[in-house]
Amino acid sequence: MTKGAAMALKGRLLLFYASPLFNRSNDKARWDAAYTANKAAYDELTTNGDRELVGATSKRAHKNVCEPLV
């Protein structure tokens, strides 16, 4: 697992922890922690020129799936 993937997973878990399912008192600190973790993951994944959040291969696959058959 890459550092960016681990950071994204942490951000996702903190979003669940901040959600109403686990945060009945709507603690703002949980939302702030989730935002900070997700922002850090986004920055890690987008600042390096060798990685993208959605790569060219995924874009091509999406295009092939979404175009009608002729």
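Which order do the peptides 20-29, 37-46 come out in when sorted by mean C-beta neighbours inside 10 angstrom, highest first?
Result, highest mean first: 37-46, 20-29.
May I ask for the Rg/Rh ratio of the range 8-49, computed from Cα atoms with Rh as the Kirkwood radius, given to two decimals?
With Rh from the inverse mean 1/r over Cα pairs, Rg/Rh is 1.09.
Using amide H atoms built in the peptide plane, which far-off residues or other-chain residues are under 5 Å from residue 27 H to H?
Close amide H contacts, sequence-distant or interchain: none at all.
Hey, rough spin-label estimate for residue 6 and residue 19, points 7 angstrom out along Cα→Cβ, what's it come to in nanometres?
Calculated label separation equals 2.5 nm.
Around residue 33, with a cut-off of 15 angstrom between Cβ atoms, what is the net charge of the other residues, counting Lys and Arg +1 and Asp and Glu -1? Walk me through the numbers before you get to the answer.
On the way: positive: 10, 12, 28, 30, 39; negative: 27, 32.
Around residue 33, the charge tally is +3.
Read-outs throughout are calculated quantities, based only on the coordinates presented, and are distinct from any laboratory measurement. As the structure is a prediction and not an experimental result, all values here were calculated from the model. No Cβ is skipped: glycine too gets one built from the backbone with ideal geometry, and neighbour counts run over all protein chains shown.
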